[in-house]
1. Classify region 18-115: rounded, prolate or oblate, from the alpha-carbon gyration tensor (a ≥ b ≥ c, eigenvalue square roots; a/c under 1.5 rounded; otherwise prolate if a/b is larger than b/c)?
2. Identify, among 90, 137, 179, the residue whose Cα sits farthest towards the positive end of the charge dipole of region 83-185, taking +1 on the Cβ of Lys and Arg and -1 on the Cβ of Asp and Glu, with the dipole about the Cα centre.
3. Can you list the HN-Hα couplings for region 126-138, worked out from phi with the Karplus curve (6.51, -1.76, 1.60; θ = phi - 60°), rounded to whole Hz and with x for Gly and Pro?
4. Report, ordered by chain and residue number, the lysines lying within cross-link reach of residue 177, taken as a straight Cα distance under 24 Å and ignoring same-chain residues fewer than 8 apart.
5. How would you rank 209, 152, going from fewest to most other Cβ atoms within 10 Å of each one's own Cβ?
6. State whether region 271-361 is rounded, prolate or oblate according to the following rule on the C-alpha gyration tensor (a ≥ b ≥ c being the square roots of its eigenvalues): a/c under 1.5 gives rounded; otherwise a/b larger than b/c gives prolate, and the remaining case gives oblate.
7. Lys and Arg at +1, Asp and Glu at -1: add these up for the other residues within a Cβ distance under 15 Å of residue 302 and post the number.
8. How much length would be gained if the chain were fully extended between residue 137 and residue 280, taking 0.36 nm per residue of separation minus their Cα-Cα distance, in nm to one decimal?
Amino acid sequence: MKKITLLVLFALAILLASCNGNSYTIDGKFSDNSFDGKTVFLQKIDSLDSETMTVIDSVAVKDGKFMLKGTTDEPIMGFISVGKLEDAEQGTPVGTLILEPGNINITFDKTNITLGGTAKNDEFNNIHAVMNKLTSLISGITPQDANNPALRVQVDSLQNQLQTATFNFSKENITNKAGEFLFYSSAKSFTKDQLKELINSSDSTFRNRNEIQALLKELDRVKPEIGNPYSDAQLMNKEGAPVSLSEYVGKNKLVLIDFWASWCQPCIAEMPNLTKTYAQYKPKGLEIIGVSVDDDKNKWLGAVQTYKMSWVQLADVTTMASQLYGVQSIPHTVLVDANGTVIAKNLRGKELDDKIAEILK
């Protein structure tokens with residue numbers, strides 16, 4: 001009788017484990033077997049202030065496939081990488097997924113990542129799909145393409161699609177950890193109204209955080225539009241010291257504020273044109289303030305050196321300048337005259353040259 005009871009209890013334990021509503025399975029595969037024998041890590045970030053990832057699980061790749069299993073109490077953002085994310089080799093794939101109960105599928109092709117299997121990952125795949133298209137497009141942009149209007153329209157269209165998909169997913173998930181993470185990581189791409197809408201859709205715990213309250217105050221400030229005075233913002237120079245825009249505006253006949261990043265191909269493609277413009281008009285009163293939105297300081301400074309950007313270089317480490325100027329995509333330019341008035345926005349290539357030439361005759 002005792003033996004039968006133990007068997008029943010054992011069977012019941014197995015049944016309960018298999019019916020655990022918090023269980024997930026991740027079925028992953030690569031397009032080839034080049035990663036066989038290497039270890040895939042599933043990781044998460046405990047907080048946005050954390051500089052390291054927490055490893056949830058890991059497994060070796062076999063025959064181009066891997067499987068990970070576990071449980072989660074609520075949807076969170078998970079990161080899949082070959083090797084730990086903080087020291088993964090250059091060029092190795094990194095995938096982002098929503099860790100939630102159910103069977104999750106993730107496929108790594110040479111240039112694309114595809115998600116599916118659960119409701120939130122099916123939705124999140126829309127972001128991946130647009131990102132794949134955008135990455136493919138901008139990876140082929142050369143300096144000669146910088147002034148191609150048709151190409152610019154394509155890039156802008158995909159960036160708008162990406163912003164819309166990210167916003168929609170964030171709004172649907174703002175009450176869970178996955179949505180909160182996407183809010184923080186993508187905040188600079190959202191409009192003022194979208195940020196307010198997301199915050200209003202969140203729960204009181206999220207809304208009452210100090211950083212969210214500070215953001216709401218910042219959003220209530222008037223963004224500098226054409227014809228209005230510029231707004232001062234504190235940035236960081238290459239040495240890590242705080243620098244304000246006011247140190248340059250009003251000291252020159254014309255100041256071009258250029259929001260850019262080392263990973264932004266359209267930005268990099270514009271650099272030869274900016275170099276030529278700066279050399280020509282610096283003696284006539286032009287100053288350019290490069291405002292990097294890079295997360296990696298070394299990549300920022302490396303790009304400055306590689307592309308010989310001799311003008312002022314600052315970093316928007318708090319993202320407040322990007323939010324203040326309504327930067328939704330980069331490159332984003334703001335032209336300010338000697339009186340501190342915004343006279344043009346988002347000019348590039350020949351349009352920018354023509355405007356500068358008109359003012360600094």
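Quick note: the coordinates plus some simple rules give every number you see, no bench work behind them. What you are looking at is a predicted structure, and each value in this text was computed from that prediction instead of being measured. Reconstructed Cβ throughout: ideal geometry from the backbone, glycine too, with neighbour counts over all protein chains shown.
1. Working: a/c = 1.83, a/b = 1.19, b/c = 1.55.
In terms of gyration-tensor shape, oblate.
2. 137
3. Each residue of region 126-138 in turn: 4, 5, 4, 4, 5, 4, 4, 5, 5, 4, 4, 5, 6 Hz.
4. Leaving aside lysines fewer than 8 places away in the same chain, those within reach of residue 177 are 44, 69, 84, 120, 188, 192, 196, 217.
5. Values: 209 13, 152 16.
Going from sparsest to densest Cβ surroundings: 209, 152.
6. Working: a/c = 1.98, a/b = 1.30, b/c = 1.53.
Cα axes put region 271-361 in the oblate bin.
7. Working: positive: 238, 297, 299, 308; negative: 294, 295, 296.
That sum, taken over residues with Cβ under 15 Å, equals +1.
8. Stretched out fully, the residue 137 to residue 280 stretch lengthens by 48.3 nm.
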